[in-house]
Amino acid sequence: MNRYWIYVLITCALEMVWVFGFSTAQSAWHWALVILVIIIDFYFLAKACEGLPTGTVYAVFAGVGSIGTVLMDYFLFEGSIDLLKLFFIGVLVAGVIGLKLSDNKTEEGMQ
Amino acid sequence: MGWLFVTFAAISEIVGVIGLKLFSTKKNLKTGALFLGGFGMSFFLLYQAFSYLQLSIAYAVWIGIGTAGAVVINMVFFGESRNGSRVFSLMLIIVGVIGLKLVS
């Protein structure tokens, strides 16, 4: 695994941290931490894009974020997860990943 | 209310992405404000949406509208390809968003 994929892992993990922070932050220093995590997250997102196709990086980022928030709803916030909701989230994410990956072809076409 | 917030959060994100593009070629106050203001606004509105909608739904719709909107803008104004697979992906996003709106 090359180091750019490690950046992808870091950016996905940090994304989960700030999404969780958004739902739970209460004091000013919580917010300072959340904003710091967002900035570091986007730094690693940009770093990952230096060595990997941008579309692939964003497709993974969006896919992991969607699965992560579903799991968070289920395990941390005791939200109801019905099959119909999961189905439409899946359809939506399939569309996002399809578009992101098609960006890679456009990039190659330009080079 | 939550749906309004998440829609405007996605639109702000697109503004931020356009700002980032402009800022990377021409660094001045206007492009910088568009870039930082767009992303700042997007996160603020997403946070507002989280207090009305389930986390997973707000997140998926945010990323869906943001991605679809950016692609449509690129197709309409910057002449990006409109091939079948991209249009199909766009339709999947639209079906997903409408479906989620109906079941939640």
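Annotations
- Under the Debye formula (equal points on every Cα, no solvent term), log10 I(q)/I(0) of the protein assembly as shown at q = 0.10 Å⁻¹: -0.43
- Long pairs among A:LYS100/B:LYS30; A:LYS47/B:LYS101; A:LYS100/B:LYS101, criterion Cα-Cα beyond 32 Å: A:LYS47/B:LYS101
- Classified by the C-alpha gyration tensor, the stretch A:30-105 has an oblate form. Its axis ratio a/c, with a ≥ b ≥ c, is 1.5 or above, and a/b does not exceed b/c.
- Per residue value of the accessible surface for chain A (all protein chains in place, 1.4 Å probe), Å²: 55
- Of all accessible heavy-atom area on chain B, the percent that carbon and sulfur account for (1.4 Å): 75
- Counts of other chain beta carbons within 10 angstrom of each beta carbon in peptide B:81-87 average 3.
- Accessible area per residue, Å², chain B with all protein chains present, probe 1.4 Å: 52
- Springs between Cα atoms under 10 Å define the GNM used for chain A, and in it the highest mean-square fluctuation of A:GLY68, A:GLY98, A:GLY55 occurs at A:GLY98.
- Exercise: per-residue mean of other protein chain Cβ atoms within 10 Å, B:34-45: 1
- Our Cα-only numbers for chain B put the radius of gyration and Dmax at 14.7, 45 Å.
- Protein accessible area in the stretch A:24-111, 1.4 Å probe - carbon and sulfur %: 71
The values are calculated or read from the model by the stated rules, or taken from the named source; none is laboratory data. Computed from a prediction, not measured in an experiment: that's the story for all the values here. Neighbour counts are summed over all protein chains in view; Cβ atoms, including those assigned to glycine, are modelled from backbone coordinates with ideal geometry. Accessible surface is based on the protein model in full, side chains and every heavy atom, while ligands, DNA and RNA are left aside. Shrake-Rupley method; radii C 1.70, N 1.55, O 1.52, S 1.80 Å.
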